[in-house]
Amino acid sequence: METTSQFPWLTVLGLIPLVGTVVLLALPRRKEQLQKVVALATSLVVLVATILACAAFDPTGDRFQFTQAYDWIPAFGVQYAVGADGIALVLIALIAVLVPVVILASWHDTDTVVPAAATTSVEPDVDGGGAGSTRIGSPHEAPRSKRRSVKAFFALLLVLETMMIGVFAATDVFLFYVFFEAMLIPMYFLIGSYGGPRRSYAAMKFLLFSLAGGLLMLASVIGLYVVSADQGEGTFAFERLVELEISTPVQIALFLGFFIAFAIKAPLFPFHTWLPDAGAEAPVGGAVLLVGVLDKVGTFGFLRYCLPLFPDASRILGPYIIVLCVIGILYGALVAMGQKDLKRLISYTSVAHFGFIGMGIFAFTTQGQTGAVLYMVNHGLSTGALFLVAGFLIARGKSRLIEDYSGVAAIAPILAGTFLLAGLSSLALPGLSTFISEFLVLLGTYSRYPVAAVFAVLGVVLAALYILLTYQRTMQGKLRLPAGLTSIKDLHLREVLAVAPLLALMIVLGVYPKPLTDVINPAVDATMQDAGRTDPAPTQGGGDAAAPAR
Amino acid sequence: MPLEITSPDLAYAPIAPLLIVFGAALVSVLVEAFVSARRRREVQIVVCALGLIGALVAVVLLAGTEELVFAKAIAVDGPTLFLQGTLAVLGLAGVLLLSERSLDSSGGAVVARAQVLPGSREDVALAEATEIQTEVYPLALFSLGGMMLFPASNNLILMFIALEVLSLPLYLMAGLARRRRLLSQEAAVKYFLLGAFASAFFLYGVALLYGYAGSVDLGDVLAATGRAQSNEGLLFVGLAMLVVGLLFKVGAVPFQAWTPDVYQGAPTPVTALMAACTKIAAFGALLRVLYVGFGRAEWDWRPMMWGIAILTMIVGAVLAVTQTDVKRMLAYSSVAHTGFILVGVIALNPDGLSGTLFYLLAYGFTTLASFAVVTLVRDSSGEATHLSQWAGLGRKSPLVAATFALLLAALAGIPLTSGFTAKFAVFTAGYEGGAVPLVIVGVIASAITAFFYARVVVLMFFSEAPPDGPTVSVPSAYTAGVIGVGLAVSLVLGIAPQPVLDLAADASRFVY
């Protein structure tokens, strides 16, 4: 049972960071500069290879390309099977772009005494207000005195890259599950070892939420296997599982296992409570990858696994999930506005954004799902940029509190400008890439669930509020900086280089998204087909067609 | 009718592993008597190693044998040989841990003269003395011999004898700790008393089953359950009592009460041996009793076992969360694992059998290595087992902390470790066997167990070390080798488990 077609791009992409990790670990401990260069070089090689892979991808060809399948554990019918459809490909491309950016941005994260520790020592009794954001964590947590290993930090990032590529590339559900769980471990250590003052609490919460969800999914994965074994040979291969005939009650049970795991990962309301903690405490690079990529595994999972494998359950439960998504959009936006901690604010905006993505997926329209996939990419770019710029600011001011900053634009115009651009992208300003995705999601939702779309539009307005208010408070007005600081430096070249690609992509994809949509559309069509749904017929009244097509 | 006794046909070859281990145990006793005290330790290690390696070789040579020997009292079949091989390897690892002398300042984890009253002046002097004792080697060998006989017994009386042979030396060994003598002796007494109760239950169950089936042979019991009978009460009560005896040994709730105390009090190498090997042997016996003797009476025991499995998983996982001592935490985690393994037992299908066998092997290696790591972390008063003392270990000795973290990951069942493969195997089998609720409880319990494993990782890596914290001693090749092998097995069985899965699948047929 060994099939190969084309060059095995996906395996190669996954292996490059591992090779880089081995080289990195073999370097002497003292040569920190060299370690960083090796990490950056590795991630750039992955980027180049990904570009080549994208060029080799034929949007009009088979749904899954670069496929490989080898028996791994025949006793369980498990294969090492990888393959990419358009959706997986664009997400892998997103990883390839974000990792070098993150490495560049984290260049000095491990050098100095980490800012977060300084926050607690400068302002020991800051009661971070509602969110309690900068409070010192558990009692045994002393401000750290030692520098952390540079080598380990970048090794964890590279291992994480391999896992992330693997999770999107897997076409065997077991393999997917393995990557899904294994991915947690490097992120757990990134947050726990390199994060802010409450890092160990945040890391634990992150791990437990994800693991609990993952284990529920495991029950469903086993269930799928047993169903497939009942109907012939036990298998985990996606293309064979799609063909199974599963009775509706069983579908609903199995669907819920997957759904809860993905909803925690994504995170959808009400499974989101871990994200603000993890996002706020993670080192900036970790936060970018966490929100930019790891969380996308959840929404990717909805699209790849929930809908095609359990079409009946998706249809029955879809409207309820839409309700959750709409609540998430409004709730995330409202809570974001109330945050005093910059990183928590960005985390909450993501809760709102994931509501949009979920809504687009479960609206069961081509537009909605295409929009959702675009949204996944664009959210990775815009929120990634927002986290980076916020991280640059926090690294300068040693405080995460919004109220500590004011009028920064006057002394750091480039920082302020990039922050504004990233923010505008986050609120989906026309001309920037997020606008197209948000528009498509709303359009796609409206044709089936007009009421939900109407409520979601409110989220767009709220987004403008929380972004612009934050910009106004921190960047405009009279100059004020955290205690003890009189001035901060503007972004320097390395930081500009890190954030510039993201901003450039936002603008380019905002004007010309066709390369992405060309790749995404066939995969979305295939998903819709697997899920047995068609777009609602357009009618004069538009919204009157909201009744489910079938 | 006059009673005719025909002498059974005795085939020695199929029981060669047992003969070798018991033979080595006898030699070991003679060594105690005749070899000079100075050279005894080395000689004993050689005897143990030869005996256990010999048993392993015999198991390999016997592979594929499926027969009942000694008047159907001993079944030599796939599960027997699989478990005997596993026990031989793990037993050797346990003996090596017992032989470690470079960790404790006065050498060895085992007290030189256990009869000395704890706290007495003699005892204080003894704590500093470099005397060692070597009686622990024959004790370990006898116990291992009993363990290897236990899952092979096809006859309930023989099974009882095996139970006693494996238990009695363990009761003694549990009381031999060099440090914290009182705790150790208390553990030994508790273990002995509760163990005696369990043995009595077992024996009473055997008697009742004899009344039911007219035989103590598992094959005859099976035949009896196939006939329409009026005295089903004897079957129910007898089965229940028999199973209580076995569940005590595997540490299932509500018969787990001894586990934390004994695991904590016994010398850690003995705990390691007990945690890994006793569980394997007892599960082997439980499998044989339920699959062979009562395979047809499944409706009589499966509902009860469902309840026990659920209780065991939940209670083990939840109580482990509240523990502050590493050894007690591992003890409760072993209770939770007993619950997971029971899911495979209850499946009552070939996948369940092979999954259980695989789980036992995987768990045995991981848990043995985990306890071996515990022996390394020490302060001036011996092993530092309180969890708070483990804080910041990741900075002080990254290698040991990383090893322990990987072992904990395997215990937690993180993918790419043996624990995941094992859990997957038994849960899949349970699912196929119709035990879906058990699987769901199993994954929930797994999530709970992940919490306390992760908490140790948090302590080791993300917390500052206390100023007067323990140090990590450098072990000799014995302990280092055991940890290395345990870790390697834990990882290999996660990444490439197929050969061992095949082995377990091939072994998953009982003869009767």
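Structure above, values below:
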| item | result |
| --- | --- |
| Search result, residues across region A:59-89 that are within 14 Å of chain B (Cβ to nearest Cβ) and touching a Pro at 6+ places or on another chain (Cβ under 7 Å) | A:I73 |
| Lone qualifier among A:A504, A:A500, A:A523, A:A483 - being closer than 24 Å to A:P536 by Cβ and either in contact with a Lys or Arg (Cβ under 7 Å, 6 or more places away or on another chain) or small (G, A, S) (or both) | A:A523 |
| Filter result for the condition that a residue is open to solvent by less than 40 Å² (accessible area, probe 1.4 Å), modelled with pLDDT under 90 and part of a loop (DSSP other than H, G, I, E, B), over B:P467, B:P475 | B:P475 |
| Subset of region B:279-327 (residues that are among the charged types (D, E, K, R) and either within 22 Å of B:S388 (Cβ to Cβ) or part of a helix (DSSP H, G or I) (or both)) | B:K279, B:R288, B:E298, B:D300, B:R302, B:D325, B:K327 |
| Residues of region B:478-509 that turn out to be in a loop (DSSP other than H, G, I, E, B) and buried (at least 20 other Cβ atoms within 10 Å of the Cβ), as a count | 3 |
| Residue within region A:512-527 that is touching an Asp or Glu at 6+ places or on another chain (Cβ under 9 Å), among the hydroxyl-bearing types (S, T, Y) and either on the phi > 0 side of the Ramachandran plot or modelled with pLDDT of 85 or more (or both) present | yes |
| The listed residue being open to solvent by less than 10 Å² (accessible area, probe 1.4 Å), farther than 20 Å from B:F451 by Cβ and modelled with pLDDT of 95 or more, out of B:A362, B:A384, B:A429 | B:A362 |
| Region A:198-209, subset more than 7 Å from chain B (Cβ to nearest Cβ) and open to solvent by 10 Å² or more (accessible area, probe 1.4 Å), residue nearest to A:S106 (Cα to Cα) | A:R198 |
| Region B:154-168, residues that are more than 28 Å from B:T479 (Cα to Cα) and not in a loop (DSSP other than H, G, I, E, B) | B:N155, B:L156, B:I157, B:L158, B:M159, B:F160, B:I161, B:A162, B:L163, B:E164 |
| Scan of region A:310-339 for residues that are in contact (Cβ under 8 Å) with a residue 40 or more places away in the chain, out of contact with any Gly (no Cβ under 9 Å at 6 or more places or on another chain) and surrounded by fewer than 24 Cβ atoms within 10 Å (Cβ to Cβ), ordered by number | A:A313, A:I316, A:L317, A:G318, A:P319, A:V323, A:L334, A:M337 |
| Total residues in region A:223-239, condition β-branched (V, I, T) and more than 7 Å from chain B (Cβ to nearest Cβ) | 2 |
| Test: A:S220 is under 17 Å from B:F420 (Cα atoms), more than 9 Å from chain B (Cβ to nearest Cβ) and of a type in the set (G, A, S) | yes |
| Segments classed as helices (runs of 4 or more DSSP H), wholly inside region B:328-414, with at least 3 members that are among the small types (G, A, S), more than 14 Å from chain A (Cβ to nearest Cβ) and in contact (Cβ under 8 Å) with a residue 60 or more places away in the chain | B:350-374 |
| Selection count, region B:445-483, where residues are farther than 17 Å from A:F189 by Cβ, without any contact (Cβ under 8 Å) to a residue 12 or more places away in the chain and at the interface with chain A (Cβ under 10 Å from one of its Cβ atoms) | 1 |
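The values are calculated or read from the model by the stated rules, or taken from the named source; none is laboratory data. As the structure is a computational prediction, the values presented were derived from the model and not from experiment. So basically every Cβ, Gly included, is an ideal-geometry build from the backbone, and we count neighbours across all protein chains shown. Surface areas here come from the heavy atoms of the whole protein model, side chains and all, with no ligands, DNA or RNA. Shrake-Rupley method; radii C 1.70, N 1.55, O 1.52, S 1.80 Å.
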